[in-house]
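Here is the structure we will look at.
The values are calculated or read from the model by the stated rules, or taken from the named source; none is laboratory data. Only a predicted model underlies this, so the values are computations on that prediction, with no experimental measurement involved. FYI the Cβ positions are ideal-geometry reconstructions off the backbone, even for glycines, and counts take in every protein chain you see. To get the accessible areas, we keep the full protein, side chains included, count just its heavy atoms, and leave off ligands, DNA and RNA. Shrake-Rupley method; radii C 1.70, N 1.55, O 1.52, S 1.80 Å.
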Amino acid sequence: MKKTLNVALPKGRLGEKAYAILERAGFGCPSILENSRKLIFENPETGVRAFWVKPSDVAIYVERGAADVGVVGKDILLEYEPEVYELADLGIGKCRMAVAAPKDFRDDTRRTLRVATKFANIARRHYAAVGRDIDVIHLNGSIELAPILGLSDVIVDIVETGTTLRENDLEVVETVLPISARLIANKASFQFKTAAIGALVRGVAETREEIL
Amino acid sequence: MDFDNRITDETEAVAAALRALYDRFGYSRYRMGKFEEYDLYSRNKDFLVSEGVITFTDTNGRLMALKPDVTLSIIRNDRDGDGDVRKLYYNENVYRVSARTGVFREIPQTGLECLGAVDGYCVGEVLWLAAKSLEAAERDFVLSVSHLGVLSALADAVSPREEVRAALIRCVGEKNLHGVAAVCAEAGLAPEAAAPLEKLISVYGDPDSALGALSGEDLPAGARAGLDELRTALSVFEGTPLKEKVRVDFSAVGDRNYYNGVVFRGFVEGLPESVLSGGQYDGLMRKMGKKSRAIGFAVYMDLLERLDGKLPAFDADVMLVYGGAGSDPGLHRAVRALTDGGRTVFVTAKPNEKVRCRTLCRYENGEVRTVEENA
């Protein structure tokens with residue numbers, strides 16, 4: 001009997017793009033695109049059971065085995081370091097993790113640098129690598145406000161177009177790392193659903209370029 | 001297994017089966033106290049699964065710890081170096097920070113260690129016992145086996161820089177092919193520099209096909225020797241039904257400061273993470289000043305608890321409602337008659353809706369009368 005592959009997709013534009021890749025790879029579940037209040041969607045023909053979850057929760061669903069595979073940003077993988085396999089770079093949702101600050105910012109190395117961010121672990125690792133002492137201020141949103149109001153000296157955050165930064169007289173000081181969406185798999189699921197997950201990875205590799 | 005689920009849950013049944021299994025292969029039960037000097041762990045922090053250790057100061061001023069690990073204690077007490085082999089198993093609770101909850105937990109752990117003149121036979125025997133341990137859970141299972149010597153030799157061939165090698169091995173552990181390319185690019189290496197490592201990531205499957213896929217590769221001598229060791233170790237499964245449960249999977253990695261040679265992970269269907277972990281740890285033995293070689297594994301019994309998913313349909317076979325003060329000596333006789341007949345009985349003065357019983361009976365005038373059957 002064909003084993004069902006549980007797929008966690010991130011809500012929003014990134015998830016829709018990721019679904020398009022999965023569908024072209026032969027792992028479609030068209031009902032997921034219908035305007036419905038259902039939470040779980042299934043396609044017996046492809047053996048896919050898919051569901052939308054909050055982007056930052058995808059890795060939790062996969063790590064704990066509620067989903068066999070999922071699509072998640074590299075930022076989430078680096079911040080939470082879940083025990084999962086990172087099987088493919090989907091090449092979508094491209095952006096960068098960057099340090100940004102007010103345009104007149106100069107780093108006063110005599111003082112501890114105050115860093116506002118949603119990504120405390122990434123920020124700590126980045127500054128530890130260069131031996132800079134920092135004070136992490138963990139925020140959940142509107143990170144750009146922090147340096148404007150004097151709450152922090154800099155921010156570490158995801159930058160896509162940079163428009164929000166420019167409109168608030170902030171600029172990128174340095175790029176921490178590039179980000180894109182990754183196909184991840186639960187380590188135990190990989191052992192028991194090897195054929196399906198392997199076919200998905202191959203299908204994604206073949207179709208990714210066409211989609212982009 | 002012939003265990004009555006009413007008297008022992010599934011985890012206890014597995015633990016009993018494992019003890020019997022290890023006894024059959026001549027492993028001795030190793031018992032230990034709950035405390036150990038903290039110094040043992042502070043010197044080997046990287047070996048521990050989690051950094052947190054519960055400590056306290058003993059009455060003599062020594063800093064003690066609740067054991068976060070069993071292997072270190074066994075090594076410390078091992079007599080070392082007289083050319084024989086010591087085979088031990090344990091069934092102990094350890095105390096460490098759970099990666100999931102971030103707080104301390106008491107974790108039941110069963111495992112075995114083979115120390116001393118560990119040779120090819122010993123490695124094969126431990127792999128066999130690891131597979132049989134997984135089989136005891138009575139679910140589909142997979143034993144993923146790797147060889148750190150192969151991995152190290154290939155990483156060493158890519159770059160002399162330890163941080164690059166560590167990053168590459170991390171990628172192998174994540175099955176992260178695109179990550180290998182990124183690490184090479186960042187280190188200024190040609191994309192083809194890590195081609196053998198990329199091949200290693202893509203190799204996964206039964207021993208014959210996986211090792212066959214690597215046999216034609218141009219590999220460094222160290223990697224080739226490692227593959228030969230792996231092939232020898234896996235020959236223990238040749239001609240047995242367990243062979244189809246074994247996979248060669250180089251994503252099973254461990255800390256190279258401690259582990260070397262064969263390393264492995266065990267997965268049981270229905271559990272989201274590896275339930276068994278082990279390998280050769282000659283490096284740890286050297287760090288602790290021992291000359292012996294060693295191999296062992298641990299089974300994380302707390303994870304197996306999650307297999308106990310189904311509640312029994314009934315809490316007891318019979319609910320016997322007696323009414324009154326319960327002073328009739330005949331009531332005790334009636335209850336014993338039921339229990340002696342092999343039925344479980346919940347005796348109560350008045351009906352209890354929270355307890356689910358197959359049969360509702362009343363004790364009246366010295367007799368047991370069936371009131372209701374809940375098929």
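With the requirement that a residue be charged (D, E, K, R), within 13 Å of chain A (Cβ to nearest Cβ) and touching a Leu at 6+ places or on another chain (Cβ under 8 Å), what does segment B:132-178 give you?
B:ARG139, B:LYS175
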### Task
Can you tell me which residue within segment A:166-212, out of those that are in contact with a Pro (Cβ under 7 Å, 6 or more places away or on another chain) and away from chain B (no Cβ under 11 Å), is most open to solvent (accessible area, probe 1.4 Å)?
A:ASP169
### Summary
Among (1) out of contact with any Ser or Thr (no Cβ under 6 Å at 6 or more places or on another chain); (2) aliphatic (A, V, I, L, M); (3) in contact (Cβ under 8 Å) with a residue 40 or more places away in the chain; (4) not in a helix (DSSP H, G or I), A:ILE143 falls short only on (3)
### Task
Considering only segment B:176-227, give the helices (runs of 4 or more DSSP H) lying wholly within it that have at least 3 residues that are in contact with a Lys or Arg (Cβ under 9 Å, 6 or more places away or on another chain).
B:177-186, B:207-215
### Task
Being open to solvent by 30 Å² or more (accessible area, probe 1.4 Å) and at pLDDT below 85 is the filter here, so list the residues in segment B:88-110 that pass it.
B:ALA99, B:ARG100, B:THR101, B:GLY102
### Query
Of the residues in segment A:114-165, how many are within 22 Å of A:GLY93 (Cα to Cα), among the hydrophobic types (A, V, I, L, M, F, W, C) and open to solvent by 40 Å² or more (accessible area, probe 1.4 Å)?
1
### Message
Condition first: touching a Leu at 6+ places or on another chain (Cβ under 8 Å), crowded, with 20+ Cβ neighbours inside 10 Å and modelled with pLDDT under 95. Can you find one or more residues in segment B:122-131 that meet it?
### Response
no
### Query
When only residues in segment B:275-286 that are buried (at least 21 other Cβ atoms within 10 Å of the Cβ) and within 12 Å of another protein chain (Cβ to nearest Cβ) count, which is nearest to B:ILE75 (Cα to Cα)?
B:LEU276
### Message
Looking at B:LYS199 and the list (1) charged (D, E, K, R); (2) without any contact (Cβ under 8 Å) to a residue 24 or more places away in the chain; (3) within 14 Å of chain A (Cβ to nearest Cβ), which single condition is not satisfied?
### Response
(3)
### Message
Being without any contact (Cβ under 8 Å) to a residue 60 or more places away in the chain and in contact with a helix residue (DSSP H, G or I) (Cβ under 9 Å, 6 or more places away or on another chain) is the requirement here; does B:TYR121 meet it?
### Response
yes
### Query
If a residue has to be open to solvent by 100 Å² or more (accessible area, probe 1.4 Å) and part of a strand (DSSP E or B) to count, how many in segment B:359-375 make the cut?
3
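Being within 25 Å of A:PRO55 (Cα to Cα) and in a helix (DSSP H, G or I): is that true of A:THR161 here? Reasoning before the result, please.
Numbers: within 25 Å of A:PRO55 (Cα to Cα): yes; in a helix (DSSP H, G or I): no.
Criteria not met by A:THR161.
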## Note on the structure
Within segment B:235-274, the residues that are assigned to a helix (DSSP H, G or I) and within 12 Å of chain A (Cβ to nearest Cβ) are B:LYS245
